[in-house]
Amino acid sequence: MGAFLALAKIRLFMQKALKKTVQIRYYALLREERGVASETIVTCASTLAQLYEDLRKRHELSLSQERMSVAVNDSFANWSDPIADQDVIVFVPPVAGG
Amino acid sequence: MIYLIETTIDERELKQSIEDDRAGAIAAFEGRVRNHNDEKAVVELIYETCESLAEKEADRIVSEAKEKFPILNAVLRHRTGKIKIGELAVFVAVSSAHRQAAFQACRYIIDEAKRRLAIWKKETYADGTSVWVNCQSCSAMRLGGAAHHEQEHNHHKHLKPSEQSAPVLSSIGEVAHE
């Protein structure tokens, strides 16, 4: 029983440690599909790619990662980059300026 | 330098800002809103932007042009928000001693701006449908009608995703909405 409780405590601790609170900003088509311009969420996703996949499935977003870029704290990033607590993340749909 | 503006672009003021007695050439590009796209009559056009990202990238593009080409000065300004047929959507001007560098830098800036700036365009057509340009998977929405200017429909991205990850179970809670 003692070992079981210890394991449960360790598991809880790991889950807490893995959770990050991030702000997501949506634009254009993503904003319309998600229904909000931004949201603050708690996630255990370890990369930007994993985070977007989770969001895409959860909210049935139509754009795949291959067609988009991603930016963190106002700088373009790689999809494989890790997520840090308090990151501000923008999933960038295909651009059409100019 | 300000790169994005919600009001009318004053091209005369921008050209004056890059004039220089050392300049033998000024090259400029004006991107204007045209009234058709893919044989459809456009009745409304809206530009949306992530301002912080776009301003930063625009500054980077102009700096790159100054490094790559022997130019004296360069300006880039892009409209955001709703824009009418015939209006100026984007303006680029470059001054240099000689015309070759001016032409090349001007072309570079507008090409990179179209490819890299976090700006999105929503067109509404006379038939009531609207699309976010380059997001071809979006569903058509019924709205009332706009126009647009020279646009190369491409799917350029600033960065490609470096890898695809398998979905993982993650706890996502929506703490706040705006």
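Would region A:7-21 turn up any residue that is open to solvent by 30 Å² or more (accessible area, probe 1.4 Å), assigned to a loop (DSSP other than H, G, I, E, B) and at pLDDT 95 or above?
no
Among the residues of region A:54-94, which ones are open to solvent by 10 Å² or more (accessible area, probe 1.4 Å), part of a loop (DSSP other than H, G, I, E, B) and facing chain B (nearest Cβ under 8 Å)?
Correct list: A:SER62, A:ASP74, A:ASN78, A:SER80.
Among what's in region B:40-69 and is polar (S, T, N, Q) and closer than 23 Å to B:ALA93 by Cβ, pick the residue that is most open to solvent (accessible area, probe 1.4 Å).
B:SER63
Sort out which residues of region B:73-107 are open to solvent by 30 Å² or more (accessible area, probe 1.4 Å) and assigned to a helix (DSSP H, G or I), and write them in order of number.
Those that are open to solvent by 30 Å² or more (accessible area, probe 1.4 Å) and assigned to a helix (DSSP H, G or I): B:ARG99, B:GLN100, B:PHE103, B:GLN104, B:ARG107.
Go through region B:108-121 residue by residue and tally those that are touching a residue at least 40 places away in the same chain (Cβ under 8 Å) and open to solvent by 50 Å² or more (accessible area, probe 1.4 Å).
Adding up the residues that qualify gives 1.
Inspect region B:46-62 for any residue being touching a residue at least 24 places away in the same chain (Cβ under 8 Å) and farther than 30 Å from A:ALA37 by Cβ and give the result as yes or no.
Within region B:46-62, not a single residue is touching a residue at least 24 places away in the same chain (Cβ under 8 Å) and farther than 30 Å from A:ALA37 by Cβ.
Here is a yes/no grid of residues against (1) over 16 Å from the mean Cα position of the chain (by Cα); (2) modelled with pLDDT of 95 or more; (3) of a type in the set (Ser, Thr, Tyr):
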{"residue": "B:ARG12", "(1), (2), (3)": "yes, yes, no"}
{"residue": "B:ALA28", "(1), (2), (3)": "no, yes, no"}
{"residue": "B:GLU39", "(1), (2), (3)": "yes, no, no"}
{"residue": "B:GLU67", "(1), (2), (3)": "yes, yes, no"}
{"residue": "B:GLN104", "(1), (2), (3)": "yes, yes, no"}
{"residue": "B:ILE109", "(1), (2), (3)": "no, yes, no"}
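The values are calculated or read from the model by the stated rules, or taken from the named source; none is laboratory data. Nothing here was measured: the structure is a model prediction, and the numbers come from that model. Every residue, glycine as well, gets a Cβ built from its backbone with ideal geometry; the counts of neighbours run over all protein chains shown. Surface areas here come from the heavy atoms of the whole protein model, side chains and all, with no ligands, DNA or RNA. Shrake-Rupley method; radii C 1.70, N 1.55, O 1.52, S 1.80 Å.
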